[in-house]
Amino acid sequence: MPEILLTGFQPYGGRQINPSAEVVRTLEGTRIDGCTVRGLLLPVSFAAAKEPLTDAITKHRPLLVVSTGLWPGEPVIRLERVAVNRASFEMPDNDGQRLLDDAVEADGPVARAVTLPVGKIIASLRERGIPARTSDTAGTFLCNTTLYRALGACERLEASARCGFVHLPYLPRQVAVL
């Protein structure tokens, strides 16, 4: 049965919850257009997140890879168009590692473009009343790293999987004043 690989991250930066983890938990095992959603919760770690991601893509050869992550302060859903070969962290990952101007892949290209139809997805979300926008930067923290690695894994496998990244805003309960 064809699969969709959906990734998200554990909480980080002192937060108790990460919206991307909630999306993965909610959609794990569901079926969408005849495909089963396989969820993968990644550690917020430059080193430890690489192997589970590439192993899942290699083992399951999904038709679609959608990674998700939190962009604090972003008020809408944001679809990324590009991942860059740069890891430069404003804060340490959960292992305490703080990379500054390092390459994600030593011999990788400067950037990789997503293979999702970003414009069509944004239009569809907006038609449904869901605020969304495109973005040309996934930052330089682990969201960008994950997108860059996922695109590279799909390229190396010569897989026809479409691959992209969705940045999520905080959940209402994370910002609601009680």
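For the chain, what does the relative contact order come out to in percent, with C-alpha contacts under 8 Å and a separation of six or more? Could you put the intermediate results ahead of the total?
Details: 365 pairs, mean separation 51.8, N = 178.
Worked out over the chain, it gives 29 percent.
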Once normalised by the length of the stretch 116-178, the mean sequence separation of its alpha carbon contacts under 8 Å that are 6 or more apart gives a contact order in percent of 26
When DSSP assigns beta bridges and you keep just the ones with both residues in the chain, what percent turn out antiparallel, to the nearest 5?
25
Per the C-alpha gyration tensor (a ≥ b ≥ c, the square roots of its eigenvalues), the stretch 77-116 is rounded if a/c is under 1.5, else prolate if a/b beats b/c, else oblate; here it's oblate
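Taking all protein chains in place and a 1.4 Å probe, what share, in percent, of the accessible surface of the chain do carbon and sulfur account for? Show your work: numbers first, answer last.
Values: 4950 of 9130 Å².
Summing carbon and sulfur atoms, their accessible area is 54 percent of the total for the chain.
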Three principal axis extents, largest first, for the C-alpha atoms of the stretch 47-108, in Å?
33, 32, 22
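Roughly how many Å² is the accessible area per residue of the stretch 1-112, as a whole number, for a 1.4 Å probe? Walk me through the numbers on the way to the answer.
Numbers: 5640 Å² over 112 residues.
Accessible area per residue: 50 Å².
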Checked the stretch 10-124 against the a/c 1.5 cut and the a/b vs b/c comparison, axes a ≥ b ≥ c from its Cα gyration tensor; verdict rounded
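The values are calculated or read from the model by the stated rules, or taken from the named source; none is laboratory data. Not measured: the values here are computed from a predicted model. These accessible areas exclude ligands, DNA and RNA; they are computed on the full protein's heavy atoms, side chains included. Shrake-Rupley method; radii C 1.70, N 1.55, O 1.52, S 1.80 Å.
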